[in-house]
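Read the structure below first, then the notes.
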Amino acid sequence: MKIETKELSLPSRIESVEKAAVEAEMFAKQSGFAEDELHSIDMAVREAVANAVKHGNKLDETKKVEIAFKHSTHGFELVIRDFGEGFAVDEVPDPTNPENLLKADGRGILFMRAFMDRVEWFNHDEGGIIVKMLKKH
Amino acid sequence: MAELNLTERQAGDVTILDMSGKVTLGEGSVALRTTIRRLLGDGKKKILLNLGGVGYIDSSGIGELVSSFTAVNKEDGTLKLLNLTQKIQDLLAITKLLTVFDVYDSESDALSSFE
């Protein structure tokens, strides 16, 4: 039987990135996504959870990363929340700008946007960032 | 898939690193960084990264390739890439890093380019 929603609460450590990606792939497979689409979902989930663990919660294991997957009429929806200080996504430097090309980091958001059909960021009223992503069928 | 495995071989004064596994946040990225630092410390400044066996790379791994490139350049060395999979090529295109890296499909062509 197809499970319509799933929620995870993971500790803020690097291993949670792999855990979230594996769970997302298992969940998305039920919707019949092709291998390339599953790869895109995997990439986006890893980047989003890595951001939440590293930049949001700053590897503070007392803070969780909350993740929700949902099958909807639009496709596969994901919501990922951290409990950090939040940030303004518009202020993140464009990593494809020539002056940023040789920087070691800052490409996660670019990948999330490249691999998903919709990505939105919201500051939660009680702190932290919520990322909502959609992969269409 | 295993974390990153790195095998080193020498072709003249060029050091080839055959990479297999994953270059991702955590151990994979650290393994590459440590190896590049050691090679530079040993005076090996012509480095060819063979990514043919790398099945997965994330933004952290891409960042590590960039860091390797800049670390080698800083020592007046040269770092080039060999055998990119289609997925890695796509990521380098998205990030516009294909304009930065010297990329080869043939090991002999890559080795000749160092001369």
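Read-outs: derived from the displayed coordinates by stated rules, not from any lab. Nothing here was measured: the structure is a model prediction, and the numbers come from that model. For neighbour counting, all protein chains shown are included, and Cβ atoms are generated from backbone atoms with ideal geometry for every residue, glycine included.
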Self-check item: Nearest-0.05 FRET efficiency for residue B:102 and residue A:72, computed from C-beta distance (R0 35 Å)
Solution: 0.20
Quiz item: Once the principal axes of the Cα atoms of the protein assembly as shown are found, what is the range along each, listed largest first in whole angstroms?
Solution: 58, 37, 30
Practice problem: Give the value in nm², to one decimal: projected area of the alpha carbon convex hull of the range A:5-136, averaged over all directions. | Solution: 8.0 nm²
Practice problem: Give me the percent of DSSP beta bridges within the protein assembly as shown that run antiparallel, rounded to the nearest 5. | Solution: 65 percent
Quiz item: Nearest 0.05, what FRET efficiency do residue A:136 and residue A:61 give at R0 = 51 Å with Cβ-Cβ as r?
Solution: 0.90
Quiz item: How much length, in nm to one decimal, is gained on full extension between residue A:13 and residue A:113, taken as 0.36 nm per residue of separation minus their Cα-Cα distance?
Solution: 33.6 nm
Quiz prompt | Average beta carbon contacts from partner chains per residue of A:13-22, 10 Å cutoff | solution = 2
Quiz item: To the nearest 20 debye, what charge dipole does the range B:36-115 have about its Cα centre, counting +1 at the Cβ of each Lys and Arg and -1 at the Cβ of each Asp and Glu?
Solution: 260 debye
Quiz item: Which whole-angstrom value gives the distance between the alpha carbon centres of the range B:74-89 and the range A:76-137?
Solution: 27 Å
Quiz item: When the Kirkwood radius is taken over all Cα pairs of chain B, what Stokes-Einstein diffusion coefficient follows at 20 °C and 1.002 mPa s, in µm²/s?
Solution: 155 µm²/s
Quiz item: If you average the sequence gap of Cα pairs under 8 Å that are 6 or more apart and divide by the length of chain A, what percent do you get for the contact order?
Solution: 27 percent
Quiz item: Which peptide among B:57-64, B:69-76 comes first, and what is the full order, when sorted by highest mean count of other Cβ atoms within 10 Å?
Solution: B:57-64, B:69-76
Practice problem: For an R0 of 25 angstrom, estimate the FRET efficiency from the Cβ-Cβ distance between residue B:37 and residue A:88 and round to the nearest 0.05. | Solution: 0.10
Quiz item: Considering only DSSP beta bridges whose two residues both sit in chain B, what percent are antiparallel, to the nearest 5?
Solution: 30 percent
